[in-house]
Amino acid sequence: MTIASTVYSLLDRTAVEYDFLTHPRSATSSQTAQSAHVTGEQVAKAVVLKDSYGYVLAVLPATFEVELEVVSKELHRRLEFATEDELETLFHDCERGAIPPLGAAYGLPTVVDDVLCEQPDIYFEAGDHERLVHVSETAFEKLVGDAEFFRFSSHR
């Protein structure tokens, strides 16, 4: 598989500077960071949360984990993790588990952990398990659109 068409369209529309970093196939975002030779704090992973109102995309560094109760409290919702089957439906043009952190492009409200934006360079899944998109922190903020930014994760 190549870059997801939704990701490519967003990159094209926003006209941000980006490049690709190819790496050996990996199964987790932490492994992706290792195989791509970048820090886990620079790799933006996407985690899909849900409740009776719908889905929320949470974006955080690869080496961090979501504090579900913090996100739920901040958004005034009772969120839980979405299932793999739900992810396949939401991210139809991506390989299973290779979710780009670009919720707006997929029609999902998005929250981004502040700690990610402390990085000058950010890398994220392009929709497959062998390619990362590399952008500046400024470009990343443009790509995530009207996402909410607050602290909701902790280092593993």
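Values in this text are rule-based calculations from the coordinates and carry no lab data. Just so it is clear, the structure is predicted and the values come from calculations on it, not from any experiment. No Cβ is skipped: glycine too gets one built from the backbone with ideal geometry, and neighbour counts run over all protein chains shown.
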Note: the chain at 25 °C, 0.890 mPa s; Kirkwood Rh on alpha carbon pairs; Stokes-Einstein D in µm²/s works out to 161 µm²/s
Estimated inter-spin distance, Ser136 and Thr89, nm [label 7 Å along Cα→Cβ] | 4.0 nm
Which parts of the range 42-77 would a label at Val115 reach, counting a residue when its backbone N lies under 13 Å from a point 7 Å out along Cα-to-Cβ?
-> 42-45, 59-68
Among Arg96, Arg131, Arg77: highest mean-square fluctuation, GNM of the chain, C-alpha pairs under 10 Å = Arg77
Of the DSSP beta bridges with both residues in the chain, give the percent that are antiparallel, rounding to the nearest 5.
-> 75 percent
Using Cα centres only, tell me the gap between the range 1-54 and the range 94-154 in whole Å.
-> 7 Å
How much length is gained on full extension from Ala104 to His155, taking 0.36 nm per residue of separation minus their Cα-Cα distance?
-> 15.8 nm
Report the local net charge at Phe20: Lys and Arg +1, Asp and Glu -1, summed over other residues whose C-beta lies under 13 Å from its C-beta.
-> -4
